[in-house]
Amino acid sequence: MSKRTIYSVVAILIVIGIYGYEHFLKEEEKDEAVFEGTQVKTETNAYFLPSSTTGQVVHHDGYSLSYSETHEQAEWVAYELKKSHLSSTNHKRPYFEIDEAVKTGAAHWRNYKNSGYDRGHLCPAGDRRYTKQAHDETFLTSNISPQEHQFNSGIWNTLEQKVRYWASKYDGVFVITGGVLKEGLETIGEEQVSVPKQFYKVLIDANNGNPKMIAFLMPHQDSKKPLYEFVVSVDSIEKLTGIDFFPQLDDTIENKLEASSSYKGWSF
DNA sequence: CTGTAATGC
DNA sequence: GCATTACAG
């Protein structure tokens with residue numbers, strides 16, 4: 001073969017490659033549009049996604065998030081915890097990585113180094129133990145918030161374990177969680193990652209015809225109080241954060257469920 | 001479970 | 001930077 005022929009073949013291959021790659025990207029986008037738009041709750045984790053106040057929603061395989069560039073962390077992380085997700089498999093802790101899907105640039109883990117605060121998971125690693133891939137995916141810096149170790153390993157951990165208990169008991173729950181982000185918070189690191197003064201968790205169990213919700217709001221400090229002392233209405237968290245939870249629900253149902261601060265139906 | 005830190009290559 | 005080990009609530 002002459003050099004010229006080889007060059008031609010290479011050129012053609014590159015063109016085919018670029019075309020194929022773009023075609024592939026379009027297919028991906030199309031899938032996602034269908035996924036977010038019309039598909040209902042059977043398989044999707046998009047169905048219960050809250051509104052974003054930042055305009056930057058990122059989807060991963062195991063969870064979705066809305067990233068706040070000003071606070072260098074997610075304003076919410078949302079995921080479904082199915083009963084089938086619960087696993088006792090042990091995985092080695094990987095290193096935290098910058099979430100490349102966050103286009104404004106997610107924070108580096110060095111911001112947390114020697115800050116005195118934990119890299120506190122929002123979507124807990126313990127909820128994604130069913131595969132190594134799902135587990136490791138929680139170690140993105142878009143999925144963490146600075147937390148006091150006493151809080152993280154204390155009452156927050158207790159709440160996360162209670163969520164796993166409910167996921168098992170009610171055959172799955174949908175979880176939305178994050179820190180309450182406001183102006184003027186203490187920050188850590190060069191990138192100024194905000195340290196929330198409160199953390200929230202909102203749950204919905206919609207596995208039968210009678211959906212139920214529960215929401216928790218916790219001060220950023222450990223506590224010996226029982227978990228139910230931290231139950232609040234979803235409405236109050238919406239007011240605090242500006243996030244609209246469950247906008248896809250029928251308004252009548254949404255209004256009724258979100259106004260309630262009762263934990264009837266959730267066994268502690 | 002939730003994590004940090006020290007050490008060695 | 002990565003791997004291993006030790007430690008703490």
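Values in this text are rule-based calculations from the coordinates and carry no lab data. What you see is a predicted model; the values in this text were computed from it and never measured. Counting neighbours? That spans all protein chains shown, and the Cβs are built from the backbone with ideal geometry, glycine included.
Below are the figures for this structure:
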| quantity | calculated |
| --- | --- |
| Virtual spin-label span in nm between A:K264 and A:Y165, 7 Å along Cα→Cβ | 2.2 |
| Label-point separation in nm, A:T131 to A:K83, each point 7 Å along Cα→Cβ | 2.2 |
| Rounded to 5, percent antiparallel among DSSP beta bridges of the range A:59-148 | 90 |
| Whole-number D in µm² s⁻¹ for the range A:220-265, Kirkwood Cα-pair radius fed into Stokes-Einstein, 10 °C, 1.306 mPa s | 132 |
| The range A:35-259: radius of gyration over Cα atoms, expressed as a fraction of 2.2 N^0.38 Å | 0.95 |
| Alpha carbon centroid spacing (whole Å) that separates the range A:187-236 from the range A:77-138 | 18 |
| Added length on full extension, which subtracts the Cα-Cα distance from 0.36 nm per residue, A:T252 to A:H91 | 53.6 nm |
| The range A:61-184: radius of gyration over Cα atoms, expressed as a fraction of 2.2 N^0.38 Å | 1.03 |
| Potential extension, A:I98-A:Q150 segment - 0.36 nm per residue separation minus Cα distance | 16.2 nm |
